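Take a look at the structure set out below.
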Amino acid sequence: MEATKVGIIGCGNISGIYLENLSKYDATDLFAVADLDASRAQAKADEYKVPHVLTVDEMLAHPEIEIVVDLTIPAAHFDVAKLALNAGKHVYNEKPLAIGLYEGRELVELAASKGVRLGCAPDTVLGAGIQTCRELIDSGEIGELVGFNAFMMSSGVEAWHPNPTFYYQVGGGPLFDMGPYYVSALVQLFGPVSRVSGITRTSFPTRTVSSQPLAGTVLTVDTPTHIVSTLEFVKGPIGQLTTSFDTMAGTDLKHIEVYGSKATLRVPDPNFFGGPISLKRVGSDTWEEIEITRPYAENARGLGVLDMALAIRSNRPHRANGELAYHVLDVMHSAHTSSDEGRHITLDSGVAQPALMPAAELKD
Ligand SMILES: NC(=O)c1ccc[n+]([C@@H]2O[C@H](COP(=O)([O-])OP(=O)(O)OC[C@H]3O[C@@H](n4cnc5c(N)ncnc54)[C@H](O)[C@@H]3O)[C@@H](O)[C@H]2O)c1
């Protein structure tokens, strides 16, 4: 099978692991990089031995590049992806798919009308940890699904991120930033969401940056930073997802627990690919560690791109797809809208539960 030529737009913080992995897989040929800051693209090309440094326009016009991987900041995802889709490229965006819900829908429809693929992070949920949990649920080990609790609790990003500004602007906040991992994981485990409610608050009107180089800068907070949402799934389970930048002293509540008629399952952090996973069965006082035997337990960011490249060649659906990312975006917007309007939101978007990953590494 001929390798698919890939171009990456956006050579910032997260790009290194994509460059490392996509140059390693047989099915992806890392062909070119581009960035608004050409020196950044050049530095990454030198480090990872990428043969071409192009402008964004050159990349989109290049006839040999089939997949464009968009690793720009969230505010640029829609524009970059739209340009690439219009140029006839398959596109894989970092999360979130777009900031606006209508923008996300437009990308899904544009890809369909152009007959090209739209993919989107996160692909951590295709890794060994979440996939093992999915296998346990599908095999009936948990019994009838009742619900879940999920927590992403932090004190914000201004103490470590070099440019934390966008996290406190519209389109930022803990749900848009980290929610894609959690909601995508829940959709992997349970299938699509039917109904959402949320209550949000902004606990602190300003945040003072302590990381370099902006230490001392005071940021105005323009988006909710503590969001409690409830989700009902089409298959029946219900639960709550709390995402917070406002839990200043920390908490032991973390990650995801799934409750079933036969067992409770502790699901690992969906921001990572591996475990640990533990299970407590009805009648037992102890938690059992679950051995992880599935592939991709290490940092495999780019796995969604690999799956998409193979899917294009085999003419099968790809897993980290635009419809799924749009559904996740709909859930996140609906939690905010529910809080603003004081009502439950029944979702318009639906999506098929993604196929379980194979038990061995991807081949086709
Ligand atoms: N940093 C992380 O740990 C991390 C982890 C997972 C996902 N992500 C996601 O990855 C994406 C990128 O994050 P990052 O931390 O690498 O950001 P970053 O700011 O470090 O890098 C973004 C890069 O994109 C370039 N860029 C911006 N707009 C562009 C445009 N229109 N055309 C060409 N280049 C453009 C910038 O010059 C910059 O080099 C975001 O969507 C983020 O949510 C980041």
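Each value in this text was obtained by applying a stated rule to the coordinates, not by laboratory testing. Remember, predicted model here, so these are calculated numbers, not experimental data. Cβ atoms come from the backbone with ideal geometry, glycine included; neighbour counts cover every protein chain shown.
Miscellaneous remarks
- Computed from the C-beta positions of residue 194 and residue 217, the FRET efficiency with R₀ = 51 Å rounds to 0.75.
- Across region 128-289, the mean sequence separation of Cα contacts (distance under 8 Å, 6 or more residues apart), normalised by length, yields a relative contact order of 34 percent.
- Each Lys or Arg adds one and each Asp or Glu takes one away; over the other residues whose Cβ falls under 13 Å from the Cβ of residue 130, this sums to 0.
- Bridge type composition, the chain - antiparallel percent by DSSP, nearest 5: 60 percent
- Trypsin sites (Lys or Arg not before Pro) restricted to region 3-51 and DSSP loop, no more than 15 other C-beta within 10 Å: 24, 49
- Region 214-335, relative contact order in percent, only Cα pairs under 8 angstrom and at least six apart counted: 13 percent
- Förster-model FRET efficiency, 51 Å R0, residue 159 and residue 284, C-beta, rounded to 0.05: 0.80
- For region 115-179, chymotrypsin sites (Phe, Trp or Tyr not before Pro) meeting the loop criterion (DSSP other than H, G, I, E, B) and having at most 12 other Cβ atoms within 10 Å: 160.
- Averaging Cα coordinates gives a centre for region 190-253 and one for region 301-320; these two points are 31 Å apart.
- Proximal charge balance of residue 239 [Cβ under 13 Å; K/R count +1, D/E count -1]: 0
- Across all Cα pairs in the chain, the calculated P(r) in 20 Å bins from zero up to the longest distance comes to 29, 59, 11, 0 percent per bin.
- Dimensions (Å) - region 1-54, Cα atoms, principal axes, largest first: 34, 19, 15
- Secondary structure note: in region 128-289, about 85% of the DSSP beta bridges are antiparallel.
- In a reduced charge model with +1 at each Lys and Arg Cβ and -1 at each Asp and Glu Cβ, the chain shows a dipole moment near 380 debye about its Cα centre.
- Loop GluC sites (Glu not before Pro), region 51-83 (other Cβ atoms within 10 Å of the site Cβ: 14 or fewer; DSSP): 64
- For the set 82/235; 89/235; 262/363; 5/235; 5/95, the pairs lying more than 31 angstrom apart at their alpha carbons are 82/235; 89/235; 262/363; 5/235.
- Rh (Kirkwood; distinct C-alpha pairs) - region 4-120, Å: 13.9 Å
- Spread of Cα-to-Cα distances over 10 Å intervals beginning at zero, given as percent, for region 284-343: 17, 24, 25, 25, 8
- Computed P(r) (all Cα pairs; region 128-289; 10 Å bins; percent): 10, 36, 30, 17, 6, 0
- Mean ellipticity per residue at 222 nm, deg cm²/dmol - from DSSP H runs of n ≥ 4 across the chain, formula -39500 (n - 2.57): -10000 deg cm²/dmol
- Between the residues 344, 219, 303, the greatest Cα displacement towards the positive end of the dipole of the chain, with unit charges on the Cβ of Lys, Arg, Asp and Glu, is found for 344.
- Cut-off 14 Å between beta-carbons: net charge of the residues surrounding residue 337, Lys and Arg +1, Asp and Glu -1: -2
- Over region 78-183, volume per residue of the alpha carbon convex hull, in Å³: 156 Å³
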